[in-house]
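Engineer: One structure coming up, written as structure tokens, with questions to follow.
Computed from the coordinates by the stated procedures, all read-outs in this text should not be read as laboratory data. If you're wondering where the values come from, they're calculated on a predicted model, not measured in any experiment. Every residue, glycine as well, gets a Cβ built from its backbone with ideal geometry; the counts of neighbours run over all protein chains shown.
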Amino acid sequence: MSYYKAETVREAASGNWLFIVSALAPHAEEALKRLGKHVACPIHGGKDGFRLFKKNFLETGGGICNTCGPRHDGFELLMWLNNWSFKETLAAVGEFLGVEKQLTWEEKKQQQNKVRPQQRQTQAACAVAGAARESVIPIPAQPHVQQEPEPMQDGAASEDSKVIPLLMQKSKPWLMELQEDMERRAERQRKYSARLHEKITQIWEKECLPLSSECNEPVRAYFQNRGLVFRWNRIEESDSLRVHPALSYFDEDGNEVGKFPALVCAIRDKAGQVITLHRIYLTQTGKKARVPEPKKMMPVPDDLTVTGGAIRLGEPKSGIIGVAEGVETALSAFKATQIPTWATVSATLMEAFEVPEGVHTVLIWADKDKSLTGQTSAHALEARLKQEGIKATVITPKLPIPKNGKGVDWNDVLISQGTEGFPTAQRIYASLFGGFAYARA
């Protein structure tokens with residue numbers, strides 16, 4: 001029985017996921033119309049439990065449910081939305097895109113057996129026709145007239161577009177507008193990415209200043225509001241936090257909204273190389289800036305990967321470090337235990353964290369989420385590190401999640417309970433090493 005080849009269907013789907021999801025999962029239309037924004041989950045309902053990945057959605061698809069976790073591409077997304085198997089999803093996408101099916105070996109053999117008699121008949125007919133042509137007076141060939149190319153119709157796909165023209169003709173107007181807008185954004189992103197290395201170096205090396213600089217007041221106030229008051233010389237050892245007095249903030253369309261004080265964090269790889277920058281935009285009084293996304297990570301250059309990286313907050317002592325998701329959470333654990341704790345920025349990146357050379361023990365300060373996202377990622381990291389021969393333990397807040405909250409983290413513990421809400425370093429290491437005492441620096 002003929003089948004769809006996965007590689008062929010994936011290639012055809014790239015650039016067309018807006019049309020595919022709209023057609024095959026109409027119950028996700030709200031998420032498509034508000035691409036990248038939190039909306040009611042098409043499976044669980046509610047108000048804001050689901051969003052589609054805006055970056056690269058045209059090429060790859062994908063989204064995330066706060067309850068079920070991420071669906072990394074369009075195939076995983078459709079399998080989840082429609083309760084389909086991969087085979088069913090592949091067939092539905094292939095049929096929608098008009099992809100040609102592959103023949104099985106048995107079908108190819110049967111087809112060859114049918115073709116051979118036809119070939120013999122055709123050869124005989126050609127022989128007869130050839131003999132007849134020898135007796136016919138030749139007619140002079142007519143001069144070739146080059147045809148003018150037909151003008152492109154409105155709504156037709158451009159030469160560089162991956163969109164199948166038939167899909168464009170069948171699509172709803174709002175979907176076409178969204179597709180065109182996404183393609184314009186992608187083109188701007190390509191141009192931006194071409195000079196990304198230069199941009200990262202410019203901001204980090206030439207525009208940012210040390211934490212101890214005179215313009216640090218907004219960042220100092222931001223940390224103070226979160227109970228993070230301690231000497232910064234140990235944080236500056238790893239040189240991953242700097243301040244920017246007036247960093248430009250750009251909206252989704254690439255327009256500059258304004259300039260704001262910012263905490264700029266270097267995400268470094270296992271070897272310590274700066275991969276990209278994470279930015280927290282602030283007001284002069286240390287509040288989060290009133291912009292759509294006050295916390296934003298810069299794109300990652302094409303020749304690098306952020307997977308495995310972290311924001312280094314202090315240098316490991318005696319082969320021991322902690323890891324947490326957010327900068328504020330990591331600094332809270334550092335303050336309470338005096339154990340350098342690095343920030344992975346997100347739960348997804350926490351799972352992929354790569355331990356630097358010389359580290360034999362990792363404390364994983366997990367976020368406590370209603371969706372279990374933080375806890376799941378923390379335990380996934382713990383399991384992997386143990387397989388690699390590294391001691392690891394997950395530490396989760398005992399603080400209850402507020403009724404209307406999505407979760408709590410260790411900075412919430414620090415603000416509400418102080419350092420007394422944390423297990424002591426001695427207690428942690430007694431459980432890990434059977435009485436080993438960690439010397440507080």
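Engineer: Under Stokes-Einstein, with the Kirkwood radius over Cα pairs standing in for Rh, what whole-number D in µm²/s applies to the range 320-433 at 25 °C and 0.890 mPa s?
Structural biologist: In µm²/s, the coefficient is 176.
Engineer: Would you mind checking which residues have amide H under 5 Å from ALA289's amide H? H placed 1.01 Å from N; only 5 or more apart, or other chain.
Structural biologist: For ALA289, whose amide H was placed from the backbone, the distant partners under 5 Å are TYR281, LEU282, THR283.
Engineer: Of LYS33/LYS259; LYS54/LYS398; LYS287/LYS403, which sit over 32 Å apart, Cα to Cα?
Structural biologist: Over 32 Å Cα-Cα: LYS54/LYS398.
Engineer: Taking 8 Å as the Cα distance limit and 6 or more residues as the minimum spacing, I'd like the relative contact order of the range 320-433 as a percentage.
Structural biologist: Once divided by the residue count of the range 320-433, the mean separation gives 27 percent.
Engineer: Positive end of the charge dipole of the range 203-292 (Lys, Arg +1 and Asp, Glu -1 on Cβ, about the Cα centre): tell me which of LEU241, THR276, PHE223 has its Cα farthest that way.
Structural biologist: PHE223
Engineer: Per residue, what volume in Å³ does the convex hull of the Cα atoms of the range 1-116 enclose?
Structural biologist: That works out to 95 Å³ per residue.
Engineer: Give me the log10 of I(q) over I(0) for the range 196-306 at q = 0.12, 0.15, 0.20 Å⁻¹, as the Debye formula computes it from C-alpha points; what are the numbers?
Structural biologist: Treating every Cα as an identical point scatterer, log10 I(q)/I(0) equals -0.41, -0.65, -1.13.
Engineer: Among CYS265, CYS68, which comes first, second and so on when ranked by fewest other beta-carbon atoms within 10 Å?
Structural biologist: CYS68, CYS265
Engineer: Work out from phi, with θ = phi - 60° and the Karplus expression 6.51 cos²θ - 1.76 cosθ + 1.60, the ³J(HN,Hα) of each residue of the range 374-384, listed in order in whole Hz, and give x for Gly and Pro.
Structural biologist: Values per residue, Gly and Pro as x: x, 5, 5, 5, 4, 6, 5, 5, 4, 4, 5 Hz.
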